[in-house]
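Just so it is clear, none of the values below were taken in a lab; they were calculated from the coordinates. Being a predicted model, the structure only gives us computed values, none of them experimental. No Cβ is skipped: glycine too gets one built from the backbone with ideal geometry, and neighbour counts run over all protein chains shown.
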Amino acid sequence: MALFAGSFVMLLKKRDFLGGLLLGLALFKFQVVLPVAVLFAIWRCWSFIAGFSLSGAAVAALSVALVGISQINTYAHALFAMGIGLSSKADQFRYGISPSSMPNLRGMAFGLLHDRLPGSWIQLAILATSGVVLLVAARAGLDKSNSDRLLLAIVTSVLVSYHLLIHDMSVLLVPITVLISKNLFLEASPVPGRDQLRAAALLFVSPIWMSFAPKVFFVISAASLVLFLVLTSKVKKGPASFARPDPM
């Protein structure tokens, strides 16, 4: 979360290379970071991608130097096994992970379909929905600033990330905090921006679901999806959409 926040600050300051450099350092959570990099590549933010590639290559080289090629292969095989081998109760017990506890598109697909469709069909559903979400985000981000693009990319990445648990949702605090801070004064006014505030607030409180129904935590992905739809919707801004009202 700190690296995402630092990257956002650098993008606000138009220091795209440093923004990418900071994000590349977060590749230890590659399942969350790589979708963001893919979107910035689609948006042709080459300075950002250059910084990301530099720090990402350094992180990869350091990882190989620390554990060696053989352990990298072992890790890759373990990831592959967890990726496709969690359809049965035995596999979920072995790895201590259930896809229905993942607050992303994978969790939603598995939670809703695992008793109704074969595993291969569920995988296709996950790939298809993730592809659609990425395409919608890529199109919606074309006319945004790079800092706003990062906010959208974080929400998108959380949705399409194949492996996501509750602690990984911490990166969402970046868009949640920015959007609430930016739009809080609009709550009493029927103007664009209020939907962003409400969607961000809903996502902020949604993890409390873990206290009541942890086995179906995938339900929380609906809150992320609501914020995604708000951020990608084409809303015509009014003349005073982001003007702070006079307290007098």
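Quick notes on this structure:
- Translational diffusion coefficient (Stokes-Einstein; Kirkwood radius from C-alpha pairs) of the stretch 1-82 at 4 °C, 1.567 mPa s, in µm²/s: 97
- 3J(HN,Hα) along the stretch 113-122: 10, 5, 8, 10, 10, x, x, 5, 5, 5 Hz, from the Karplus curve 6.51 cos²θ - 1.76 cosθ + 1.60 with θ = phi - 60°, whole Hz, x for Gly and Pro.
- Local electrostatic count at V226 - Lys and Arg +1, Asp and Glu -1, tallied over other residues with Cβ under 11 Å: 0
- Cβ-defined net charge surrounding S7, 12 Å radius [Lys, Arg +1; Asp, Glu -1]: +2
- Residue order, fewest to most surrounding Cβ atoms within 10 angstrom, among F212, F48: F212, F48
- Classified by the C-alpha gyration tensor, the stretch 2-232 has an oblate form. Its axis ratio a/c, with a ≥ b ≥ c, is 1.5 or above, and a/b does not exceed b/c.
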